Amino acid sequence: MIELEGLTKHYGDKVAVEDLTLTVRPGIVTGFLGPNGAGKSTTMRMMLDLDNPTAGTVRIDGKHYRQLQDPLTYIGALLEAKSVHGGRSAANHLLCLAQSNGIPRSRVFEVLDTVGLSAVAKKRAKGFSLGMSQRLGIAAALLGDPQVLLFDEPVNGLDPEGIHWIRNLMKNLAAQGRTVFVSSHLMSEMALTAEHLIVIGQGRLMADTSMREFIHQNSRSYVRMRSPEREKLLDLLHSEGIDAVAAGNGSLEVDGVPADRLGELAAAHQLVLHELSPQHASLEEAFMQLTADSVEYHAHDGEPVPAQAGSPPGGRSPGAPQPAGARPGEPQPTGWGADWQKKRS
């Protein structure tokens, strides 16, 4: 079990994490979500005593990480897949970790087999792809057979088979009564893996609830109906005090009424239905709804901002001197790009 109490981290005037209090419980996969810059990685680093909190505490099974004897036997973590000495083989990397934590040598080959790296056990890590490095990082997390596991973006670089494997691995670990805490930006995969969610934004706790409840609280669910007798269907719904909203393709959307009741009502009045489908929001939609005001880095997908009137592409006035090395008519860099161009020249 992982317990956070008032956990806070400031970098000068920058607030990375603010007063987080929560408990990550065993027996279920807990997802850790938040926009970029929300403080997820900082929180996980403080769990492992890699960063010191400004205030508050983190306890792993009642102890601070630094108090754990042979910590890999208590908690395993994957924070950065490429944090491996490139000159070491996969087996030697794990063997060093095992010897430093009193773990038997035989365990190295067990976890290499578990993650599917037995065939490359003697290969140097510098030649590994990102997916292979992820598997090696997962092997290191499993090495001490710990009761608590932390995974930060564990599916990065994995192929579909690998993603399916790590999803089932995390579920199986939780089913064994272990604490499994996983951070990911891949919402579709998180929806298939996690049972409980912890969501933060701008360093603050926004949600600590089940997956089902999170989607229910932060999204709209409705029933879509479509009939060749649309006007009759509308009249029937209104006569029953049911509000229906017209949508595209001639369909109707009904909130707050179960699909089975709507179907029975249409059947009782001999109305043909071409569609009767409950619509539920995805985890991604619910997440976007909750965190819309907490996103630190906004991208824009609209039209490019036009140049000021009378200015050519690149924002330079006609007749203005061109930077050294510039080609006539070529858009020129501005801001730090212009400064770099000057230094290069």
For this session: Examine the range 61-70 for a residue that is touching a residue at least 40 places away in the same chain (Cβ under 8 Å) and buried (at least 21 other Cβ atoms within 10 Å of the Cβ), and state whether such a residue exists.
Result: no
Exercise. Filter the range 1-31 for residues that are touching a helix residue (DSSP H, G or I) at 6+ places or on another chain (Cβ under 6 Å) and assigned to a strand (DSSP E or B); which is farthest from Ala194 (Cα to Cα)?
Worked result: Lys9
For this session: With respect to Arg167, determine if the residue is surrounded by 16 or more Cβ atoms within 10 Å (Cβ to Cβ) and not hydroxyl-bearing (Ser, Thr, Tyr).
Result: yes
For this session: Would you list the strands (runs of 3 or more DSSP E) that sit entirely within the range 185-272 and hold 3 or more residues that are out of contact with any helix residue (DSSP H, G or I) (no Cβ under 7 Å at 6 or more places or on another chain) and not basic (Lys, Arg)?
Result: 204-210
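Okay, residues lined up against (1) under 15 Å from Gly137 (Cα atoms); (2) touching a residue at least 60 places away in the same chain (Cβ under 8 Å); (3) outside the structural domain of Val148 (by TED's automatic domain parsing); (4) not in a helix (DSSP H, G or I):
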site	(1), (2), (3), (4)
Met46	no, no, no, no
Arg59	no, no, no, yes
Glu80	yes, yes, no, yes
Leu94	yes, no, no, no
Ala98	yes, no, no, no
Exercise. For Asn172, are the conditions met, namely being closer than 30 Å to Phe109 by Cα, surrounded by fewer than 18 Cβ atoms within 10 Å (Cβ to Cβ) and either more than 25 Å from the chain's Cα centre (by Cα) or not aromatic (Phe, Trp, Tyr) (or both)?
Worked result: yes
For this session: Could you identify the single residue in Gly241, Gly250, Gly256, Gly263 that is among the small types (Gly, Ala, Ser), surrounded by 12 or more Cβ atoms within 10 Å (Cβ to Cβ) and at positive phi?
Result: Gly250
For this session: Output yes when any residue across the range 112-135 is under 30 Å from Glu3 (Cα atoms) and outside any helix (DSSP H, G or I), and no when none is.
Result: no
For this session: Consider Tyr11 carefully, then state whether it is of a type in the set (Phe, Trp, Tyr), in the same structural domain as Thr209 (by TED's automatic domain parsing) and exposed (fewer than 15 other Cβ atoms within 10 Å of the Cβ).
Result: yes
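The rows are residues; the columns are (1) crowded, with 22+ Cβ neighbours inside 10 Å; (2) in contact with a strand residue (DSSP E or B) (Cβ under 7 Å, 6 or more places away or on another chain); (3) of a type in the set (Phe, Trp, Tyr); (4) farther than 30 Å from Thr23 by Cβ.
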| residue | (1), (2), (3), (4) |
| --- | --- |
| Gly86 | no, yes, no, yes |
| Gln99 | no, no, no, yes |
| Ser118 | no, no, no, yes |
| Lys123 | no, yes, no, yes |
| Met132 | no, no, no, yes |
| Gly137 | yes, yes, no, no |
| Asp145 | no, no, no, no |
| Phe151 | yes, yes, yes, no |
| Val155 | yes, no, no, no |
Exercise. What about Arg107, is it free of Cβ contacts under 8 Å to residues at least 40 places away in the same chain, surrounded by 15 or more Cβ atoms within 10 Å (Cβ to Cβ) and out of contact with any Phe, Trp or Tyr (no Cβ under 7 Å at 6 or more places or on another chain)?
Worked result: yes
Problem set entry | So Lys82, is it of a type in the set (Lys, Arg), under 24 Å from Leu173 (Cα atoms), at pLDDT below 95 and within 20 Å of the chain's Cα centre (by Cα) | yes
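The values are calculated or read from the model by the stated rules, or taken from the named source; none is laboratory data. None of these values were measured; they are calculated from a predicted model. Positions of Cβ are backbone-derived with ideal geometry, glycine not excepted, and every protein chain shown enters the neighbour counts.
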